[in-house]
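Heads up, the thing below is written out as structure tokens.
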Amino acid sequence: MRSKLFGYTILVVVVITLLQGILSYEAYKNIYIDENKRWLVAKINEVEKYIWSFDIEKLKEIYDKGYFRVTIVSGNGIVLYDSEADVKKMENHLKRPEIANANKVFGKVEFSIRKSKTLGHYFLYAAKKVKIHDTSMFIRVSVPLDKVDTILKKVLLNTLKFAVMCIFLGIALAIGISSVLYQPLKGLISLISEGLEKFSIQDVKSPKDLKWLSISFSKMYQLLEEKINESNVLRKRLTSLLDSLDIGIIFFDVNKRILMFNRGAENILETNLKVGFSLLECARVYELFEFLFQQDINEKELEVSINNKTKFLKVSKKRISYEDNKEGVLFILSDITFLKKLERIRSDFVANVSHELKTPLTSIKGFVETLKDGAIDDKDVATKFLNIIEVEVERLVRLINDLLYLSEIENAAMPILEEKVVVKEVVLESIELLKIKAEKKDIQLDVKVQEGLEMNIYRDWLKQIFINLIDNAIVYNKENGKVWVTVEKSDSTVTIKVKDTGIGIPEKEIERIFERFYRVDKGRSRKLGGTGLGLSIVKHIVELYGGKVWVESQEGIGSEFTVTIPIVKKADPHQ
């Protein structure tokens with residue numbers, strides 16, 4: 001193997017030296033020729049000036065038998081002057097390469113290297129077409145290449161001497177390199193042999209050349225590829241596991257730069273995290289960034305703003321050691337915005353129910369105490385108080401019934417029947433129940449329902465939608481007002497619209513009117529007997545069937561409630 005290394009090294013040195021010699025020769029040759037071309041261009045310009053100043057005949061006194069050759073050719077190719085030969089014996093030069101090329105572009109110098117037919121030597125020619133005293137002619141200047149060949153031969157000789165020196169130096173270098181490389185290769189071969197034996201690979205023998213080394217590397221590559229594939233499989237499993245978690249996980253290195261993360265963290269922070277970046281570079285959540293550097297707190301609930309949305313995050317961190325005893329930080333993020341919202345709803349619900357119950361119960365208690373104190377003996381007063389108590393009791397009954405109804409809808413406690421409902425029948429039944437209330441305020445009811453329209457829906461729930469919407473349209477309407485109820489089918493959806501000429505809803509209140517117990521005008525709503533749960537019931541029923549409900553309203557002009565429900569969608573108790 002050592003002899004092969006020596007042989008290969010000598011071969012490389014010889015090849016490189018020869019290539020260097022050839023390239024050097026060509027480079028010197030091109031440089032010398034380029035210098036002569038520039039010199040010839042200068043001489044052409046010089047000759048042109050002499051002709052302008054004197055005449056062609058005067059050229060004999062200046063250029064005859066000089067270092068370079070000057071030839072003047074007429075526009076039709078006849079030689080007018082030549083510093084080296086007899087013009088009478090010279091043939092037409094119009095087809096000479098340099099003359100022919102110069103004839104194509106006026107004023108451009110053209111070159112050629114060829115053997116002169118007149119003198120029998122190789123020349124470097126330069127020709128240019130000019131116009132002097134209204135006469136077109138060619139000025140040609142040439143220089144013999146004998147001197148160029150002499151110089152280039154010297155260059156070639158020096159290059160060969162240098163090549164021989166390089167070869168001898170290369171031999172000495174090859175001997176040293178083969179000695180230096182052979183020892184490490186022996187150690188590498190021994191190391192690879194031990195490695196292959198550890199993995200029970202013994203089908204490779206150790207011949208005296210590099211073939212065995214190549215085979216060993218191939219075996220090691222296969223083994224390494226298997227290990228990399230195993231590592232990739234484990235990494236994909238870990239990534240899939242982490243991405244399947246709803247919580248966010250971010251692992252920071254010792255410099256608080258991101259080492260790894262899961263998709264849950266990106267979803268919670270609504271941004272793209274990048275390995276090697278700091279948290280603040282990826283997500284502008286300063287509260288999280290500050291918590292990352294706090295030493296004494298390991299768990300915290302934060303209210304943060306992400307993409308102009310308020311979120312509540314529960315964050316915990318833990319220090320974990322990783323490679324080379326470095327200590328990183330593991331971040332665990334949980335989005336508890338929904339839980340916080342439920343807590344607020346529960347708190348508001350308890351407060352609202354308490355308030356709604358307290359008012360009528362306080363009123364009933366006061367009137368009962370008044371009756372017990374003697375007012376019961378006055379028949380007119382007693383009747384008046386009992387009527388008020390009856391109104392408050394009815395209000396409590398409505399409130400309790402609405403609460404129970406809403407609870408049943410939310411928990412899907414009521415049986416969901418598969419029944420076809422004729423929509424027009426349900427609308428007319430609802431109108432009949434509210435007809436007297438409408439007549440008391442002289443409100444005109446305009447009903448338009450598509451004939452034969454049917455839906456797969458629980459009948460009482462559909463009826464509840466119409467009753468609540470139409471009742472609100474009557475209650476919050478003006479005297480002598482009007483209510484329009486329209487129901488029509490569009491593709492696979494039923495659209496219900498209830499429009500009134502009532503008091504309208506302020507724009508800032510519209511997005512909250514479907515909340516439980518929310519009233520635009522609280523005093524008037526209670527006076528009119530409303531519980532504040534009707535629209536909330538409508539919303540829950542509609543969403544249970546995969547529909548939508550919204551309102552468009554102008555204060556003082558009226559409101560229009562719109563409900564869309566798929567015709568054949570079944571109610572989902574787990575929605």
Practice task
Give me the pairs, please: first residue somewhere in segment 95-114 and within 14 Å of ILE139 (Cβ to Cβ), second residue anywhere and among the aliphatic types (A, V, I, L, M) and not in a strand (DSSP E or B), beta-carbon distance under 7 Å, and either six or more positions apart or on two chains.
Solution key: LYS108/ALA102; VAL109/VAL41; VAL109/ILE44; GLU110/ALA102
Practice task
Please name all residue pairs, on different chains or six or more residues apart, with Cβ atoms under 6 Å, provided the first residue is in segment 441-458 and is more than 18 Å from ILE567 (Cα to Cα) and the second residue is modelled with pLDDT of 90 or more and basic (Lys, Arg).
Solution key: GLN444/LYS482
Fill in the blank from the handout: Of the conditions (1) in the same structural domain as SER316 (by the TED database); (2) closer than 26 Å to ASN325 by Cα; (3) open to solvent by less than 60 Å² (accessible area, probe 1.4 Å), the single one that ASN232 does not satisfy is (1)
Handout entry: Candidate set: segment 443-456, residues that are assigned to a loop (DSSP other than H, G, I, E, B) and open to solvent by 50 Å² or more (accessible area, probe 1.4 Å); chosen: the one farthest from THR501 (Cα to Cα)
Key = GLY452
Completion exercise
Matching residues in segment 57-79 (in contact with a strand residue (DSSP E or B) (Cβ under 8 Å, 6 or more places away or on another chain) and surrounded by 15 or more Cβ atoms within 10 Å (Cβ to Cβ)) number 10
Exercise for the section: For segment 268-300, name all the residues that are part of a strand (DSSP E or B) and open to solvent by 100 Å² or more (accessible area, probe 1.4 Å). Expected result: GLU299
Problem - Criterion (touching a helix residue (DSSP H, G or I) at 6+ places or on another chain (Cβ under 6 Å) and either more than 23 Å from TRP39 (Cβ to Cβ) or among the charged types (D, E, K, R) (or both)) met by exactly one of GLU91, GLU110 - result: GLU110
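Condition check ((1) surrounded by 14 or more Cβ atoms within 10 Å (Cβ to Cβ); (2) out of contact with any helix residue (DSSP H, G or I) (no Cβ under 6 Å at 6 or more places or on another chain); (3) at pLDDT below 80) across all residues:
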| residue | (1), (2), (3) |
| --- | --- |
| ASP378 | no, yes, yes |
| THR383 | no, yes, no |
| GLU392 | yes, no, yes |
| ILE416 | yes, yes, yes |
| GLU419 | no, yes, yes |
| VAL422 | yes, yes, no |
Practice task
Working carefully through the options VAL315, VAL329, find the one that is in contact (Cβ under 8 Å) with a residue 40 or more places away in the chain and over 26 Å from the mean Cα position of the chain (by Cα).
Solution key: VAL329
Exercise for the section: Could you please let me know if LEU273 is in contact (Cβ under 8 Å) with a residue 12 or more places away in the chain and outside the structural domain of VAL304 (by the TED database)? Expected result: no
Exercise for the section: Return yes when LEU339 is more than 21 Å from PHE289 (Cβ to Cβ) and modelled with pLDDT of 85 or more and no when it is not. Expected result: yes
Exercise for the section: Report yes if some residue within segment 343-363 is buried (at least 16 other Cβ atoms within 10 Å of the Cβ), of a type in the set (A, V, I, L, M, F, W, C), at pLDDT 80 or above and part of a helix (DSSP H, G or I); otherwise report no. Expected result: no
Exercise for the section: Output the number of the condition that ARG459 fails; it satisfies all remaining conditions of (1) within 16 Å of VAL542 (Cα to Cα); (2) touching a Lys or Arg at 6+ places or on another chain (Cβ under 8 Å); (3) open to solvent by 30 Å² or more (accessible area, probe 1.4 Å). Expected result: (2)
Handout entry: Flag if LEU399 is modelled with pLDDT under 85, open to solvent by less than 40 Å² (accessible area, probe 1.4 Å) and not small (Gly, Ala, Ser)
Key = yes
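The values are calculated or read from the model by the stated rules, or taken from the named source; none is laboratory data. What you see is a predicted model; the values in this text were computed from it and never measured. Cβ sites come from the backbone with ideal geometry, for glycine too, and all protein chains shown count toward neighbours. Note: accessible area is taken over every heavy atom of the protein model, side chains too, but ligands, DNA and RNA are not part of it. Shrake-Rupley method; radii C 1.70, N 1.55, O 1.52, S 1.80 Å.
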